[in-house]
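Below is one structure, written out as structure tokens; the observations come after it.
The values are calculated or read from the model by the stated rules, or taken from the named source; none is laboratory data. Everything numeric here is computed off the predicted structure, so don't read it as measured data. As a convention, Cβ positions derive from the backbone with ideal geometry for all residues, glycine included, and neighbour counts pool all protein chains shown. These area figures cover heavy atoms from the full protein model, side chains too; ligands, DNA and RNA do not enter into them. Shrake-Rupley method; radii C 1.70, N 1.55, O 1.52, S 1.80 Å.
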Amino acid sequence: MPERPLRVVLLAPYLNGDGLGEAYSVFNWTQALAEITDLTVLSIVGKQDLAAQLPKARVVTISDPSLLMGSLTRFNAMAKPWLPFYFRWARRWIKAAMGRGEAFDIAHQILPQAMRYASPLAGLGLPYVIGPLGGSLETPKGFVHEVRGGGIYTRLRTLDRPRLRYDPRLRKGYEEAALILGVAPYIAETFREANLGIQRFEPVLERGHDGRLPLIERTSGVGEAHLLHVGRGIRTKGLRDVIRAMALLKDLPGVQLTSAGDGEDMDACKNEARQLGVAERVTFLGRVPRDEVDRLYAAADIFCFPSFREPMGGVFFEAMEFGLPVITAARGGPDFIIDETCGLRLPVETPDQFTRAIAEAIRALAMEPERRRQLGAGSQARLQTFGGWPEKARHLDELYRSILSTGFRSGYKSG
């Protein structure tokens, strides 16, 4: 006799099938889960019609509380001051539904990814999952003097780890969770450093594979390589380090770099390219449309994205889809996504050391087209092992069932 679908209540404050980034990834998770579970989604009303986008789920929404913050778009996106309003509503809705006799097998707080928000699910007497969580990576000590600015909202991240250690409400939410999902194994280490006694941890990649694997014929020869960097123009994304590495490769004029992205560090990157004498070999495109980014992946030989404070990195999935070998940092999410079959992971100590390591990695791949081809094929092969959205949803369903079969620690309080 087949198992009945689990009754799952999913906390997803923002998701959108027409969106980008987290909102789009979580939509895909949700859509796939709705195919195999009895799913209730608690979300926020947006421009999209979530009920129409998710016809197989019960969608319950609250009016957008970020409107209370007026036109402070950046503030709303970074600090999410509206989230406590959503969490309070979601907790009350679940308690009221249970009071009416509705039964849920499990709850899942899938967003936000940042580890700085106390869960509204603690103390409800319902087993729950949090994640996949990301973020809270510290800047490597050797880079602190170069990673400045970013506004007050970016600097708030420095409070994340102290709060994990000392904030009782934040700790309670994680310690009562039956399962914590993290975008990479470093999340478990973060909890250990905070002396958090979580019940169970599983690394689960945020993104899935949609099955598209373009076959690209790349013809660059020995000593030639078209490098591509795609991402926000902030210091931690490593573009400045790639530009500095280009200055160590002046004997390889066939090595060119294209940057797609915009942000606060772009002026510094352009200045360094001019001062180091490599401006003619670096193309700054700024922000480009989605279809143009795909064209750039297809035209590149190497994806050089040495982001050294990267929690996960959706751009890696995109580059791997197009069969690109990857050069990146050996920390955070990239260290989990990329392995020796598809790229080169570099230690991060100081800007000088990192620059030299990037230059050596670029030189090695520029001089060996066959190795680039092998690593590019390895990228597509590894991407396939990550699974598509249906496989990821089935894995979640298996995790839910394993929680229910083994029990969980929780409590109930009327607050």
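Values as computed for the structure displayed
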quantity: Some residue of region 232-243 being closer than 18 Å to Val326 by Cβ, part of a loop (DSSP other than H, G, I, E, B) and modelled with pLDDT of 95 or more; calculated: yes
quantity: In region 36-52, residue most open to solvent (accessible area, probe 1.4 Å) [restricted to those that are outside any loop (DSSP other than H, G, I, E, B) and in contact with a helix residue (DSSP H, G or I) (Cβ under 7 Å, 6 or more places away or on another chain)]; calculated: Ile36
quantity: Conditions (1) over 18 Å from the mean Cα position of the chain (by Cα); (2) free of Cβ contacts under 8 Å to residues at least 24 places away in the same chain: number failed by Glu189; calculated: (1)
quantity: Residue in region 118-129 that is within 30 Å of Ala330 (Cβ to Cβ) and modelled with pLDDT of 95 or more present; calculated: yes
quantity: Residue among Arg309, Arg371, Arg356, Arg345 that alone is free of Cβ contacts under 8 Å to residues at least 60 places away in the same chain, among the basic types (Lys, Arg) and within 18 Å of Arg240 (Cα to Cα); calculated: Arg345
quantity: Matching residues in region 338-353 - criterion: being under 23 Å from His209 (Cα atoms) and open to solvent by 10 Å² or more (accessible area, probe 1.4 Å); calculated: Asp339, Glu340, Thr341, Leu344, Arg345
quantity: Residue match in region 304-319 (condition: within 21 Å of Glu370 (Cβ to Cβ) and touching a Lys or Arg at 6+ places or on another chain (Cβ under 7 Å)); calculated: no
quantity: Odd one out for Leu196 among (1) outside any helix (DSSP H, G or I); (2) in contact with a Ser or Thr (Cβ under 8 Å, 6 or more places away or on another chain); (3) open to solvent by less than 30 Å² (accessible area, probe 1.4 Å); calculated: (2)
quantity: Any hit, region 269-291, residues being of a type in the set (A, V, I, L, M, F, W, C), farther than 23 Å from Asp251 by Cβ, assigned to a helix (DSSP H, G or I) and open to solvent by 10 Å² or more (accessible area, probe 1.4 Å); calculated: no
quantity: Criterion: closer than 30 Å to Arg240 by Cα, in contact (Cβ under 8 Å) with a residue 60 or more places away in the chain, out of contact with any helix residue (DSSP H, G or I) (no Cβ under 6 Å at 6 or more places or on another chain) and open to solvent by less than 50 Å² (accessible area, probe 1.4 Å) - qualifying residue of Gly131, Gly142, Gly125, Gly208; calculated: Gly142
quantity: Qualifying residue in region 381-393 (condition: assigned to a helix (DSSP H, G or I), farther than 28 Å from Ala178 by Cβ and acidic (Asp, Glu)); calculated: no
quantity: Which numbered condition Val326 fails, given (1) crowded, with 19+ Cβ neighbours inside 10 Å; (2) out of contact with any Cys (no Cβ under 8 Å at 6 or more places or on another chain); (3) in contact (Cβ under 8 Å) with a residue 24 or more places away in the chain; calculated: (2)
quantity: Meets criteria (farther than 19 Å from Gly378 by Cβ, part of a helix (DSSP H, G or I), open to solvent by 10 Å² or more (accessible area, probe 1.4 Å) and not aromatic (Phe, Trp, Tyr)) for Asp335; calculated: no
quantity: Some residue of region 296-317 being farther than 11 Å from Leu228 by Cα, open to solvent by 30 Å² or more (accessible area, probe 1.4 Å) and assigned to a helix (DSSP H, G or I); calculated: no
quantity: Single residue of region 62-94 satisfying the filter (open to solvent by 60 Å² or more (accessible area, probe 1.4 Å) and at pLDDT 80 or above) that is nearest to Ile36 (Cα to Cα); calculated: Arg92
quantity: All positions within region 212-252 that are buried (at least 21 other Cβ atoms within 10 Å of the Cβ) and among the small types (Gly, Ala, Ser); calculated: Ala225, Gly233, Gly238, Ala245
quantity: Count - residues of region 230-257 that are of a type in the set (D, E, K, R), farther than 27 Å from Lys141 by Cβ and in contact (Cβ under 8 Å) with a residue 12 or more places away in the chain; calculated: 1
quantity: Residue tally, condition out of contact with any Leu (no Cβ under 9 Å at 6 or more places or on another chain) and open to solvent by 20 Å² or more (accessible area, probe 1.4 Å), over region 354-388; calculated: 9
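Here's the yes/no breakdown for (1) charged (D, E, K, R); (2) under 21 Å from the mean Cα position of the chain (by Cα):
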| site | (1), (2) |
| --- | --- |
| Arg232 | yes, yes |
| Arg240 | yes, no |
| Ala247 | no, no |
| Leu252 | no, no |
| Gln256 | no, no |
| Asn271 | no, no |
| Gly277 | no, no |
| Phe284 | no, no |
| Val293 | no, yes |
